[in-house]
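Asker: Got a structure for you, questions after.
The values are calculated or read from the model by the stated rules, or taken from the named source; none is laboratory data. These numbers were taken from a predicted model, which means no experiment stands behind them. Because the Cβ atoms are built from the backbone with ideal geometry, glycine has one as well, and the counts that use them run over all protein chains shown.
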Amino acid sequence: MKGNDSAIVARGLTKRFGNFTAVDGIDFEVRRGEIFGFLGPNGAGKTTTIRMMLGLLKPTAGTVEVLGVSVSKHPEKIRPRIGYMSQRFSLYNDLTVLQNLRFYGRAYGVENDLLKERIQDAIQMAGLEGHERTRTKDLSGGWRQRLALSAAILHRPELIFLDEPTAGVDPISRRAFWNLLYKLVAEGVTVFVTTHYMDEAEHCHRLALIQRGRLIALGSPEEIKRDMMRGQVLEIAPSNTAKAVKVLRAAREAGRLPIEEVAMYGALVHVVAPQVKQYQEAIAAELRQANVEPGPMAVIEPSLEDVFIACMR
Amino acid sequence: MFKRIWSLAAKEFLHLLHDWWMPSFMLFGGVIELLAVGWATSRPMTNLPLMVLDQDRSAASRAIVTALENTGTFAFEAQAPNMAAVQDALDRSKVNAAVIIPPGFDSKLASPTGRPSLAVLLNGAESTPATAALRAVTGAVREMGQRIALRRLGLDADEFAGFDASLRVWFNEALNEAFYTTPAELGLMLEFTTLLFAALSFSRERELGTLEQLLVMPFSSLEIIIGKSIPTILVAFSDFVLMLGAVHFVFGIPVRGSLILLLALAFGYLLVELSKGLVISVVSRSQHQAFLLVMMVGMTDFMFTGYAAPVESMPRVMQIVANVVPAHHWLTILRGILLKGAGLDVLWPNILALAVLGLVIGTFSLRYVRRALD
């Protein structure tokens, strides 16, 4: 590990497009060797932030240092040391698996002998043995994603940026993809990843939550759950979920129940409130009055999704 | 640096290999177009359908129709029963010309003081055949008038030495239309091929979403421009050589000047159009948009090449504008070298103009595209 153990340092990073502020003075640090998750709803400014860190966009204000180098001053010094995998299109669909990998390798100046070896590794890692001559467009989404990752790390970058890498990929492929990320991190690579899958966010070492261009939470998943949750979560399994949500929201509006949030989770309902246990009876009474059987209730550990929804309100 | 440029150029060639339609269009589309234009225009205008409304029905009226047919320009199509039929045939473009011979044509022709007249209607909507028809009619009628004059003077054709201009056409002795059309098409096809190909280079990657990836890689903007341009230059130049071969060997278009000079200038001109194409490419958000822009630029250039209408007969403003259109100078150079055997001594003003325009456009393009990529 190098002397400086911050992979990314962003200070007051701001981007305005005309009157619209896409990223509004955000500060964060990413430590070397960690998986740093960047969470936020669509349009929150995730991609804009990544583009500034890559040197594709000039910040309106603030600075960002990547691997100890100022991005706006010397983008060319950073590029050979980082990898980037964008939302969907980092591969050339009309080229074969091998041709894509060769292009990546040569573009980054990987020498021929070494390149051959690494392409072998990459194909193995993506599980594409025997498909070397398949056109990329004929691969399934999960394979394409793993191939894109293998291509992005062919030159062994110290830091990789992944912009919603698993969007639109099935859960098994996502799991395989994350296993690859763990392997990389074990080798000392730093991973910066944006996602809106909460289960994936739980796998990150540290997280930043961003909303409307502002950073609203920063820390490990546990810290965020502890600090950001204004209350406890009561999980209810009522007979009519949709109606239960409606009834409880109406009760909150009417001021009969001092609860913060009511949200549907499949067949379950999560109610968030400080000391929620003491309202358990009142909640059950409200539901019964509306002819909804409350069913079993329990105070549970909040998930990131609870926190996320509570924060985004 | 060269390795990186090569890696990019190699990738571009792979795209070409996989997408066979595009390069084959680029290489052979021009050749096919030239062959079609050349064949269609390689003969003088002949067999234009002619309608006759003969209200005289005499030996003289038949003689004038025969004289018109003998020019080779016309082919007798039909006798018209009345004026309405003539009108109808012209309206429907069934005939290009109609001759109306009024009653008493023969007797006026025979009388020493008669002034025989003849009406000829031409379809001006199609101006090229109309011009050919006009020329043929004028010639036939003048010849007939001369014969009448001779007869009235009681002279023999051998005794008469009238005034006649001795006409000789230089550079295209047989006035073969293909000598005019094919070199112009050749020059324009080089422009279109280069422009289109260059215009698709970045717009394609932008549309597919891969441009971002390219920009994050350790390429400098100059390396990207060079790597992307190499295939365009190679394909467009090969296309030019193929097209030149086609017009030379199939239609006998001569290369009277220096072939080396021609190829060198074609290469230079190609770089100018490449610069324009690259600007279009970074301005466009999609391939579709790039294509439409190329059509617009190409059509505007086309107007100023003097192919459709001579630049000399355009309004003054248009003539001035024509001077800053590279294609205008390029076509002058191309015709000069091919047909006139002109060299540097004659063509230098056009070459200089092309060089200056190239320098200005090239510098602007390079700066603009680099800015767009950075």
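Asker: Which condition number does B:Leu261 fail, the rest of (1) more than 21 Å from the chain's Cα centre (by Cα); (2) crowded, with 16+ Cβ neighbours inside 10 Å; (3) within 26 Å of B:Tyr368 (Cα to Cα) being met?
Answerer: (3)
Asker: Filter region A:137-173 for residues that are part of a helix (DSSP H, G or I), surrounded by fewer than 21 Cβ atoms within 10 Å (Cβ to Cβ) and either basic (Lys, Arg) or modelled with pLDDT of 90 or more (or both) and give the result.
Answerer: Within region A:137-173, A:Lys137, A:Asp138 meet the criteria.
Asker: Right, something else. Based on what the data block shows, is A:Tyr84 within 10 Å of another protein chain (Cβ to nearest Cβ), out of contact with any strand residue (DSSP E or B) (no Cβ under 6 Å at 6 or more places or on another chain) and either of a type in the set (Ser, Thr, Tyr) or in a loop (DSSP other than H, G, I, E, B) (or both)?
Answerer: No, not satisfied.
Asker: Could I ask something else about it? Need the failing condition index for B:Ala125 against (1) surrounded by 20 or more Cβ atoms within 10 Å (Cβ to Cβ); (2) modelled with pLDDT of 80 or more; (3) farther than 23 Å from B:Asn70 by Cβ; (4) hydrophobic (A, V, I, L, M, F, W, C), just the number.
Answerer: For B:Ala125, the exception is condition (1).
Asker: Also, I was wondering about something else. Specify the residue that is nearest to the other protein chains (Cβ to nearest Cβ); the eligible residues are those in region B:206-215 that are without any contact (Cβ under 8 Å) to a residue 24 or more places away in the chain and more than 18 Å from A:Arg102 (Cβ to Cβ).
Answerer: B:Gly209
Asker: Look at region B:17-32 and say how many of its residues are buried (at least 18 other Cβ atoms within 10 Å of the Cβ) and at pLDDT 85 or above.
Answerer: Count: 1.
Asker: Confirm whether A:Leu13 is under 14 Å from A:Ile210 (Cβ atoms) and more than 16 Å from the chain's Cα centre (by Cα).
Answerer: So A:Leu13 fits the description; yes.
Asker: If you go through region A:250-258 one residue at a time, do you hit one that is surrounded by fewer than 19 Cβ atoms within 10 Å (Cβ to Cβ), of a type in the set (A, V, I, L, M, F, W, C) and in a helix (DSSP H, G or I)?
Answerer: There is at least one residue in region A:250-258 that is surrounded by fewer than 19 Cβ atoms within 10 Å (Cβ to Cβ), of a type in the set (A, V, I, L, M, F, W, C) and in a helix (DSSP H, G or I).
Asker: Given (1) buried (at least 22 other Cβ atoms within 10 Å of the Cβ); (2) more than 10 Å from chain B (Cβ to nearest Cβ); (3) charged (D, E, K, R), identify the lone condition not met by A:Arg102.
Answerer: (2)
Asker: Check B:Ala119, B:Ala97, B:Ala178 and return the single one that is crowded, with 21+ Cβ neighbours inside 10 Å, modelled with pLDDT of 85 or more and small (Gly, Ala, Ser).
Answerer: After applying the criteria, what remains is B:Ala97.
Asker: For a quick check of your reading: which helices (runs of 4 or more DSSP H) sit entirely within region B:296-373 and have at least 2 residues that are of a type in the set (S, T, N, Q)?
Answerer: Answer list for region B:296-373: B:344-373.
Asker: May I pose another question? Select, from A:Leu95, A:Leu91, the only residue that is at pLDDT 90 or above, touching a Lys or Arg at 6+ places or on another chain (Cβ under 9 Å) and within 14 Å of another protein chain (Cβ to nearest Cβ).
Answerer: That would be A:Leu95, the only listed residue that is at pLDDT 90 or above, touching a Lys or Arg at 6+ places or on another chain (Cβ under 9 Å) and within 14 Å of another protein chain (Cβ to nearest Cβ).
Asker: Further question: Please pick out the residue among A:Thr60, A:Thr49 that is surrounded by fewer than 19 Cβ atoms within 10 Å (Cβ to Cβ), touching a residue at least 40 places away in the same chain (Cβ under 8 Å) and of a type in the set (Ser, Thr, Tyr).
Answerer: A:Thr60
Asker: Tell me, yes or no, whether region B:267-286 has at least one residue that is loosely packed, with under 15 Cβ neighbours inside 10 Å and at pLDDT 95 or above.
Answerer: yes
Asker: If you don't mind, there's one more thing I want to ask. Restrict the check to region A:110-131 and report whether at least one residue is within 11 Å of chain B (Cβ to nearest Cβ) and closer than 22 Å to B:Lys228 by Cβ.
Answerer: yes
Asker: What tally of residues in region A:54-68 results from selecting those that are more than 20 Å from A:Leu162 (Cα to Cα) and within 14 Å of chain B (Cβ to nearest Cβ)?
Answerer: Of the residues in region A:54-68, 0 are more than 20 Å from A:Leu162 (Cα to Cα) and within 14 Å of chain B (Cβ to nearest Cβ).
Asker: Take the conditions surrounded by fewer than 16 Cβ atoms within 10 Å (Cβ to Cβ) and more than 25 Å from the chain's Cα centre (by Cα) and apply them to A:Glu223. Does it pass?
Answerer: It is false that A:Glu223 is surrounded by fewer than 16 Cβ atoms within 10 Å (Cβ to Cβ) and more than 25 Å from the chain's Cα centre (by Cα).
Asker: Does A:Gln120 meet the test of being surrounded by 16 or more Cβ atoms within 10 Å (Cβ to Cβ) and assigned to a helix (DSSP H, G or I)?
Answerer: Spelling it out, it is not the case that A:Gln120 is surrounded by 16 or more Cβ atoms within 10 Å (Cβ to Cβ) and assigned to a helix (DSSP H, G or I).
Asker: If you don't mind, another one. Which of the following residues is of a type outside the set (D, E, K, R), at pLDDT below 85 and either in a helix (DSSP H, G or I) or out of contact with any Leu (no Cβ under 9 Å at 6 or more places or on another chain) (or both): B:Ala199, B:Ala140?
Answerer: B:Ala140
Asker: Still on this structure: Can you give me the ranges of the strands (runs of 3 or more DSSP E) entirely in region A:1-42 with at least 3 residues that are over 22 Å from A:Tyr182 (Cα atoms)?
Answerer: Counting at least 3 such residues, we get A:6-17, A:20-31.
Asker: When you check B:Ala266 against the structure, is it part of a helix (DSSP H, G or I), over 22 Å from the mean Cα position of the chain (by Cα) and either assigned by TED's automatic domain parsing to the domain that holds B:Trp6 or free of Cβ contacts under 8 Å to residues at least 24 places away in the same chain (or both), yes or no?
Answerer: No, not satisfied.
Asker: Identify all residues within region B:143-162 that are modelled with pLDDT of 65 or more, exposed (fewer than 11 other Cβ atoms within 10 Å of the Cβ) and part of a loop (DSSP other than H, G, I, E, B); write none if there are none.
Answerer: Correct list: B:Gly154, B:Asp156, B:Ala157, B:Asp158, B:Glu159.
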